[in-house]
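See below for the structure under consideration.
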Amino acid sequence: MKRKFNFLFLSALTIPFFMGSCSDDKEEQEVKPATDLVVDNNSVTLLQGDEITVSITSGNGDYYVKPFDESVATATINGNKVTIKATENSQLEENNRTETTILIVECI
């Protein structure tokens, strides 16, 4: 009787290992390595009301832009082109300059 109990006990312990080791035969999708985001101009200087277009030369596609301070400059994106426009009525600091950062983010 003790031998049957040991056999059943060991069987109960080992069956979950065999069930857990089975895997799906689904093919895994190949993951492409990420490409660094590169623009043709990292820093621009604009006068009030001016605009400039910056090109994204390398990246993974599907971007959005976010200016840190929209009272200084706005940004729009069309494909791989980012258009930055300095606002006309922004408050200038003592040295008649003001700065902001435009963030370009890749949607994943």
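The values are calculated or read from the model by the stated rules, or taken from the named source; none is laboratory data. Please read all numbers here as calculations on a predicted model, not as lab measurements. No Cβ is skipped: glycine too gets one built from the backbone with ideal geometry, and neighbour counts run over all protein chains shown. Note: areas computed on protein heavy atoms with side chains; ligands, DNA, RNA excluded. Shrake-Rupley method; radii C 1.70, N 1.55, O 1.52, S 1.80 Å.
If we keep just the residues of segment 24-76 that are assigned to a strand (DSSP E or B) and of a type in the set (S, T, N, Q), which is least open to solvent (accessible area, probe 1.4 Å)? Step by step, filter segment 24-76, then rank; the result is S55.
Considering every residue within segment 22-35, establish whether at least one is aliphatic (A, V, I, L, M), modelled with pLDDT of 55 or more and touching a Lys or Arg at 6+ places or on another chain (Cβ under 8 Å). No: segment 22-35 contains no residue that is aliphatic (A, V, I, L, M), modelled with pLDDT of 55 or more and touching a Lys or Arg at 6+ places or on another chain (Cβ under 8 Å).
Looking across segment 84-107 at every residue that is closer than 17 Å to L37 by Cβ and in a strand (DSSP E or B), the one that is least open to solvent (accessible area, probe 1.4 Å) is identified as I84.
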